[in-house]
Structure formats: C-alpha cells, structure tokens
Amino acid sequence: MIRVSRMADYGVVAMTHIARRAEDLHTAASVADATGVPLPSATKLLKLLARQGILASQRGAHGGYTLKRRPADVSVADLIVAIDGPIALADCLHGDEGAACGLESFCSIRSPWQKVSDAIRVALEEVSLAEMIAATAYVPPPGEPPPRPRAEVTRHG
C-alpha cells in the first residue's frame, strides 16, 4: 500500500483548516482543537511549515500563524514535500546521493517506476488548498455555532 505519512496527513488537515480561515491568526492549540490533530504534532507542523515558507509566524502573546500564500497557490505536493521531503515511490527516484538500493546497475524497472512516481507527484501538485476547502464540509471551531442550512426554494407549477 502506498501511503502519505501520518504527519503529512495531519499537515494537510491542519492547513485546510488554516486556509479555510486564512484571515485569522492560528495557534497550535487552536489548530489542534479545531482539527483533532494532536497538539505536539500541530506544534511541530506549524513550525516546520513556517520554516519552509508556507506559513508566516507572528511572535508574541497575540501571535500565531497565517498563510504566506493564497490557498490556490499551495498544492498538496507543497505540503508533503515540506513535511516529508521529496515525493518518490522508491529511494532511487528522488535523486539523493547514496539513496540507491544496490540494484541500480542492472535495474530494469527504474524508468517505469519513475513514470509512476512522476504521475503521482503531478497529481498532488494539481490539487490546491483551495480545492481541498471546496471539497470538504465546513466544521466550525469549538464555541462557534454550526452554519444554518439554507432554505430551499421550491416552485409549484
């Protein structure tokens, strides 16, 4: 099974929440409360994403984190790479020296694996935080009432 790491999954969940409320300052505690991401993980993720230039941090008693780019300009691939490093199906495919498996000199499947790996990376690059927001139901933060359903207008002929 090919999986996204737990931290990358938490990162996408946290960033979708932050992007949904992009005008707000977000603390690790508020992100953890709103998303269910454990507080230690939220703390680590927000710091990491700020170091990687995806979030901006504001220090102080009223500090927190905000998006540094518009949600449409941040892809799921950006998040995964910021958290886990390069997207590749096998160690030999992400270009790090010394990452070879020892079979490279006679490996016949590296090229097809590269094609699959590239397709996955491209697919992740094509999904933005804006799309993640649009595809998920809004869950209000604690203390905020849920949105009221819109009244449907029906016409009788």
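Rule-based calculations on the coordinates, nothing more; no lab input. Values in this document were obtained by computation on a predicted structure and should not be read as measured data.
Converting phi to 3J(HN,Hα) with the Karplus coefficients 6.51, -1.76 and 1.60 and the offset θ = phi - 60°, segment 39-49 yields 3, x, 5, 4, 4, 4, 5, 5, 5, 5, 5 Hz in sequence order, with x at every glycine or proline.
If the chain between ASP73 and ILE120 were fully stretched, how many nm would it gain, using 0.36 nm times the residue separation less the Cα-Cα distance?
15.1 nm
Measuring how big segment 6-135 is from its alpha-carbon positions, Rg and Dmax come out at 17.0, 58 Å.
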